[in-house]
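Chemist: Below is the structure I would like to discuss, written out as structure tokens.
Just so it is clear, none of the values below were taken in a lab; they were calculated from the coordinates. Bear in mind the structure is a predicted one, so any value in this text is a computation, not a measurement. Because the Cβ atoms are built from the backbone with ideal geometry, glycine has one as well, and the counts that use them run over all protein chains shown.
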Amino acid sequence: MICKTRVIDMKTWLLSTLITLFAVAVFAQGAALPFGALGAGEAEQVEIAADTLSIDQATQTAVFTGNVVAGMGALKLSADRVEVIYDTESSTGAVRALMASGNVVFVSGEDAAQADTATYELVAGNVLMEGNVILTQGQNALSGQKLRIDLNAGTAQMEGRVQTIFQTGGN
């Protein structure tokens, strides 16, 4: 009886180990995962608060520094520095992109990502986060060097030595 139980336990352990190793190998190359969906576009209102603001009319940029917090609908962004790039081809002066650096955190619903830098292209709905990226979704966390988020599709791609711990629901 003891031998039979050990054989079943060994099979279960071996199967779970193989599944985990396969999943880790897939994630090590680059992981595709969901990310909170958020519509993108020029009509999106951008609200920004910061300690200081510098405007350069020649380059059509505005630079917010110090405790920067930006809100775009359901998406929240915080960083040490955010540069706002305006659409120079449009007569409306709409915001084209946000370039954030230093302690960057993006939050959409229950999904949150942090990195050293991020570029958010509002019209396209794309976010590129680079450097020491950590993505948290509930109790699960992934880390890597680059995270590409498509806010329209609600998807993300983690790249660069991706690491994760899977919550299996067991002990």
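Chemist: Got a sec to turn the phi values of segment 113-124 into Karplus ³J(HN,Hα) couplings, 6.51 cos²θ - 1.76 cosθ + 1.60 with θ = phi - 60°, whole Hz, x for Gly and Pro?
Modeler: 9, 10, 6, 6, 9, 7, 10, 10, 8, 4, 5, 6
Chemist: Among rounded, prolate and oblate, which fits segment 31-165 when a ≥ b ≥ c are the square roots of the eigenvalues of its C-alpha gyration tensor, a/c under 1.5 means rounded, and a/b larger than b/c means prolate?
Modeler: Prolate, because a/c is 1.5 or more and a/b exceeds b/c.
Chemist: Among 125, 85, 62, whose Cα projects farthest towards the positive end of the dipole of segment 31-165, with charges put on the beta-carbon of Lys, Arg (+1) and Asp, Glu (-1)?
Modeler: With unit charges placed on the Cβ atoms, the residue in question is 125.
Chemist: For residue 123 and residue 150 in one chain, what is 0.36 nm times their gap in residues minus the Cα-Cα distance, to one decimal in nm?
Modeler: In short, 8.6 nm is gained.
Chemist: Measuring from centroid to centroid over Cα atoms, what is the spacing of segment 45-76 and segment 83-145 in Å?
Modeler: The distance from the Cα centre of segment 45-76 to that of segment 83-145 comes to 13 Å.
Chemist: While we're on this one: Using label points projected 7 Å from each Cα along Cα→Cβ, tell me how many nm separate residue 163 and residue 59, to one decimal.
Modeler: In this crude label model, residue 163 to residue 59 measures out at 3.5 nm.
Chemist: Still on this model: How large is ³J(HN,Hα) for each residue in segment 56-72, as worked out from phi by the Karplus curve 6.51 cos²θ - 1.76 cosθ + 1.60 (θ = phi - 60°), to whole Hz, x for Gly and Pro?
Modeler: Karplus-based 3J(HN,Hα) across segment 56-72 equals 10, 5, 5, 9, 6, 10, 10, 10, 9, 9, x, 6, 6, 10, 10, x, 9 Hz.
Chemist: So, one more: So for segment 31-165, averaging the separation of alpha carbon pairs under 8 Å that are six or more residues apart and normalising by length, what relative contact order in percent results?
Modeler: Taking the mean separation of contacting Cα pairs over the length of segment 31-165, I get 23 percent.
Chemist: Just to confirm a number: summing +1 for Lys and Arg and -1 for Asp and Glu over residues other than residue 66 whose beta-carbon lies under 10 angstrom from that of residue 66, what do you get?
Modeler: Taking every other residue near residue 66 into account, the sum is -1.
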